[in-house]
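A quick write-up on the structure given underneath.
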Amino acid sequence: RQTHDVEVVQLVGGPVSLATSSTAHDLVSELGRRLGARYHFLNAPAVFDSAASLIPLLDEASVRDTLALARCADVALVGIGNPTNGSSAIVLSLLRLSPADFEEFRAALPVGDICGRFYDITGKEILLPVVRDRVLAVHLADLQAIPKVIGVAIGPAKAMACLGALHA
């Protein structure tokens with residue numbers, strides 16, 4: 001019941017629909033309520049049809065300010081995803097990559113993602129513009145600057161994703 005001088009900030013926009021999972025808004029508000037903290041949403045989807053449609057949103061005060069708060073965090077709590085299942089696979093499907101773009105993505109050997117930012121086994125971010133420039137989220141470099149980052153993953157399917165995240 002005690003309140004704390006804490007702010008909970010959403011690090012990635014929300015997918016259009018996740019029928020079987022909690023949304024980012026759900027998680028942020030629940031954690032905020034449990035901590036007696038203020039919370040801030042990114043009130044926009046995680047994935048955009050094009051980089052051109054995302055760019056103007058980054059100039060909106062609510063989005064710009066929320067991402068700035070996220071980059072100043074002392075602690076980040078992030079999910080570690082596997083590109084072949086769960087919310088990570090949904091992000092990829094929402095990107096609607098052409099067959100050529102999908103092959104280029106696969107050739108980069110992605111093993112995981114954090115905040116919709118895909119990376120390989122060495123922790124190096126996959127920098128394909130058709131993927132990277134269409135996701136509303138903090139960047140992996142932003143997370144690396146946060147003093148404590150706690151990754152959450154469940155199941156053996158995410159072992160390689162966790163290893164890549166640790167290398168990052």
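Points worth noting:
- Being modelled with pLDDT under 90, open to solvent by less than 60 Å² (accessible area, probe 1.4 Å) and not basic (Lys, Arg) is true of HIS25.
- Residue under evaluation ARG71, criteria (1) touching an Asp or Glu at 6+ places or on another chain (Cβ under 8 Å); (2) closer than 21 Å to ILE154 by Cβ, criterion not met: (2)
- Among the residues making up the stretch 35-67, those that are surrounded by 12 or more Cβ atoms within 10 Å (Cβ to Cβ), free of Cβ contacts under 8 Å to residues at least 40 places away in the same chain and not charged (D, E, K, R) are LEU35, GLY36, ALA37, TYR39, HIS40, PHE41, ASN43, SER62.
- Flag if LEU92 is more than 21 Å from SER29 (Cα to Cα), open to solvent by 70 Å² or more (accessible area, probe 1.4 Å) and either in contact (Cβ under 8 Å) with a residue 40 or more places away in the chain or of a type in the set (A, V, I, L, M) (or both): no
- In the stretch 95-138, the residues that are open to solvent by 60 Å² or more (accessible area, probe 1.4 Å) and closer than 22 Å to PRO45 by Cα: ARG96, PHE102, LEU127, PRO129, ARG132, ASP133
- Unmet requirement for GLU104, which otherwise passes all of (1) without any contact (Cβ under 8 Å) to a residue 40 or more places away in the chain; (2) in contact with a strand residue (DSSP E or B) (Cβ under 9 Å, 6 or more places away or on another chain); (3) under 22 Å from GLY123 (Cβ atoms): (2)
- Number of residues in the stretch 113-168 that are without any contact (Cβ under 8 Å) to a residue 60 or more places away in the chain and among the acidic types (Asp, Glu): the value is 3.
The values are calculated or read from the model by the stated rules, or taken from the named source; none is laboratory data. All values derive from a computational prediction rather than experimental measurement. Because the Cβ atoms are built from the backbone with ideal geometry, glycine has one as well, and the counts that use them run over all protein chains shown. Heads up: the accessible areas ignore ligands, DNA and RNA and are worked out on the full protein's heavy atoms, side chains in. Shrake-Rupley method; radii C 1.70, N 1.55, O 1.52, S 1.80 Å.
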